[in-house]
Every structure is written in structure tokens, then in C-alpha cells.
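Right, one structure below, let's go through it.
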Amino acid sequence: MEEVPLEAQRSQAPAAEAAAGSQTRITVDSPDAMQELGRRVAALLRPGDLVLLTGELGAGKTTLTRGLGEGLGVRGAVTSPTFVIARVHPSLTGGPALVHVDAYRLGGGLEEMEDLDLDVSLPESVVVVEWGDGKVEELSDDRLHVVIARAVGHEEVLDDVREVSVRGIGARWGSGAGLDALAGALSE
């Protein structure tokens, strides 16, 4: 898989999306911190939310989703759904289910993903799509887009360090909906 620099990933988003909603940037220094970030993001989510995750292989997308699952209180171990494409984790707490999708092997857009019935699952679930850029945006005008990139620097020192950009798109995230507090919460 070709590595796409963070700046190039950001430039792929339409200008109209960049203007809507809010954005925060967070430096995460370990897999445990990435999972904690997922738990913090989960506290902001509600049924009907769509979360797109972008990042190279091994960036931490599934680790973040594992934290989301913990924060949402869902059943089952959250692991990469690469070979099954999608997994549903029902809530153990009466909250929304987590639908975890890995669109890595899917080449087409929303048409190819129609068999997953994400549009049916979305209203009562939190749907997280890894590798979903250009494939599922039509599911919702309101979504979170999380871009995870390895920090640039000396490999031994920065191996686990990630730069995470969390951008809310649409009216749901227009006031920030707590995104600004994410960075401060991790340093507490």
C-alpha cells in the first residue's frame, strides 16, 4: 500500500467540507493513548453518527476503534474486520451498537458497499469505516473524519507517536460538539 502523506490526505477533502464543522489536532504517544482517545471520542457519539478513519496500515485505526467500542460499552472484541468487511458489536449498556467496517479491499464507492446495508444500520448505530474516504460520505451529511499519521522524526523515538486530526463535518459538529476538549483530556 502506498503511503499518502498527511498533507495530501487533507487536500483530498472538498473545500466545502473543510469549512463546515470543527477540527482539533492531538498528538498521541502510545497505543494505550490511542485507545483512550477512542474512549473520549465515544463519549461524544450518539446513534446515527458516522466516523471515517484514514491512515496508513498500522497507523492505529483499529486501536482507536477498540477504544470507541470500550467507550460505547459494546459486546465482543473489536478487531480488524479486513477479511469479513464488517462486524456489528451490540451494546451491553442500552446504547448504540458499533458497526465496524473495513473498506480497504473494496475498490468502488457507495454502490459496492450497498450490500452491507449501512444506510439501514446508521440511524440506530455508530458506524465506523476504516479506509472509507470517497466511499461512504453520501451516507450522512454529518460525520467525523479522523486522520491518523505517523509523526515524522527519529524512528526509535517516534515509533508509536501519531498526529491525529479529528474533524467534524456538518451541522451536528458545527459547534465543535466537544472536539476541542479531546486534546486536553488526554494530557490530564
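The values are calculated or read from the model by the stated rules, or taken from the named source; none is laboratory data. Predicted model only: the values in this text are computed from it and were never measured. Heads up, the Cβs are rebuilt from the backbone with ideal geometry, glycines too, and the neighbour counts pull from every protein chain shown. Note: areas computed on protein heavy atoms with side chains; ligands, DNA, RNA excluded. Shrake-Rupley method; radii C 1.70, N 1.55, O 1.52, S 1.80 Å.
Assorted remarks:
- Any pair with Cβ under 6 angstrom, 6 or more apart, that starts in segment 25-52 at a residue that is under 26 Å from K135 (Cα atoms) and ends at one that is open to solvent by 20 Å² or more (accessible area, probe 1.4 Å) and of a type in the set (D, E, K, R): Q35/R66; R39/E70; P47/E124
- Within this structure, T27 passes the test of being at pLDDT below 95 and of a type in the set (S, T, Y).
- Restricting segment 123-139 to residues that are in contact with a helix residue (DSSP H, G or I) (Cβ under 7 Å, 6 or more places away or on another chain) and part of a loop (DSSP other than H, G, I, E, B), the residue that is least open to solvent (accessible area, probe 1.4 Å): V136
- Within segment 135-148, residues that are more than 11 Å from A171 (Cα to Cα) have Cβ atoms under 9 Å from residues that are of a type in the set (D, E) and in a strand (DSSP E or B) in these pairs: V147/E163; I148/E163, counting only partners at least 6 apart in sequence or on another chain.
To keep it simple, each residue is scored yes or no on (1) at pLDDT below 65; (2) open to solvent by 50 Å² or more (accessible area, probe 1.4 Å); (3) under 22 Å from L57 (Cβ atoms); (4) not in a strand (DSSP E or B).
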{"position": "G107", "(1), (2), (3), (4)": "yes, yes, yes, yes"}
{"position": "S121", "(1), (2), (3), (4)": "no, no, no, yes"}
{"position": "D141", "(1), (2), (3), (4)": "no, yes, no, yes"}
{"position": "E163", "(1), (2), (3), (4)": "no, yes, yes, no"}
{"position": "L182", "(1), (2), (3), (4)": "no, no, no, yes"}
{"position": "E188", "(1), (2), (3), (4)": "yes, yes, no, yes"}
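- Filtering segment 70-105 to residues that are closer than 16 Å to L44 by Cα and at pLDDT below 90 leaves nothing.
- The set of residues from segment 30-89 being crowded, with 23+ Cβ neighbours inside 10 Å, assigned to a loop (DSSP other than H, G, I, E, B) and aliphatic (A, V, I, L, M) comprises just one member, V78.
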